[in-house]
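**Student:** Let me give you the structure first, and then I'll get to my questions.
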Amino acid sequence: DAEITQSPRHKITETGRQVTLACHQTWNHNNMFWYRQDLGHGLRLIHYSYGVHDTNKGEVSDGYSVSRSNTEDLPLTLESAASSQTSVYFCASSKDYEQYFGPGTRLTVT
Amino acid sequence: RKEVEQDPGPFNVPEGATVAFNCTYSNSASQSFFWYRQDCRKEPKLLMSVYSSGNEDGRFTAQLNRASQYISLLIRDSKLSDSATYLCVVNYAGNMLTFGGGTRLMVKP
């Protein structure tokens, strides 16, 4: 069955380190998205991509980057992790408007 | 003003009760509307799309009022398993979605 996966599911890292979160989907969707979810803020869009080599900034993109070298993957990189980036990160993909989410990555920056 | 607003709840209801949630959105150009369900510490899952004519899926009914810019979700005969956070979601342009903060439902025995 087609699916969307994220790895790692949990990660603890230190301030200043570079961290990459993986997202992989097998639906062959062109659209992929990264969100973070924090108490009091709901889901906020970090970056999104509408196809290979296309990337766009979302609402809270500072400190994050993405690259899209193939249809299946959209890795999210935290260039220099900060404590404010402690959060749950969700990846999603879509063909049109209906987005399907991965299981999430819980990131703690100490 | 938030683009998508929901009452955060919690709504505490007994099993078998009918409960309704409303959501308002600010952008009149909004094109597509959805309800997502999110269980604690899990990913959001699409519950249903919301069409202008209203739509029903088993115990769940969704309605859209474009004139007043609100969306509703009605759950009949609530089950314990309906306990979750319900997210109102709106598409404005392209394939991006804006999420409301969610309404928490707790169904009690």
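The values are calculated or read from the model by the stated rules, or taken from the named source; none is laboratory data. Because the structure is predicted, anything quoted here is derived from the model rather than measured. Neighbour counts run over all protein chains shown; Cβ positions are idealised from the backbone, glycine included. Note: areas computed on protein heavy atoms with side chains; ligands, DNA, RNA excluded. Shrake-Rupley method; radii C 1.70, N 1.55, O 1.52, S 1.80 Å.
**Student:** Could you tell me the relative contact order of segment A:37-110? Use alpha-carbon pairs under 8 Å, at least six residues apart, and round to a whole percent.
**Tutor:** Details: 112 pairs, mean separation 16.2, N = 74.
This gives 22 percent for segment A:37-110.
**Student:** When only alpha-carbon atoms count, how far does the protein assembly as shown stretch along each of its three principal axes, as whole angstroms with the largest first?
**Tutor:** Taking the Cα atoms of the protein assembly as shown, the three principal extents are 50, 40, 35 Å.
**Student:** Could you check how much of the accessible area of chain A is carbon and sulfur, as a whole percent, using a 1.4 Å probe?
**Tutor:** Details: 2410 of 5350 Å².
Looking at chain A in its full context, I get 45 percent from C and S.
**Student:** What is segment B:1-59's relative contact order, in percent, from Cα pairs under 8 angstrom and six or more apart in sequence?
**Tutor:** The normalised contact order for segment B:1-59 reaches 25 percent.
**Student:** Shifting gears a bit: Under the definition of partner shielding as Cβ atoms of other protein chains within 10 Å of a residue Cβ, what is the mean value for peptide A:40-50?
**Tutor:** So the per-residue partner count for this stretch is 4.
**Student:** Would you mind computing Rg(Cα) / (2.2 N^0.38 Å) for chain A, counting N as its residues?
**Tutor:** Compared with the compact-globule rule of thumb, chain A sits at 0.99.
**Student:** For the protein assembly as shown, can you list the cysteines whose C-beta has no other cysteine C-beta under 4.7 Å from it?
**Tutor:** By the Cβ distance rule, which asks for a partner under 4.7 Å, the isolated cysteines are B:C40.
**Student:** Which of A:G40, A:G58, A:G16 ends up with the largest GNM mean-square fluctuation for chain A, with Cα atoms connected below 10 Å?
**Tutor:** Among A:G40, A:G58, A:G16, the largest GNM mean-square fluctuation belongs to A:G40.
**Student:** Over chain B, what number does the Rg to Rh ratio reach, with both radii from the alpha-carbon atoms and Rh per Kirkwood? Walk me through the numbers on the way to the answer.
**Tutor:** Details: Rg = 13.3 Å, Rh = 13.9 Å.
Ratio of gyration radius to Kirkwood radius: 0.95.
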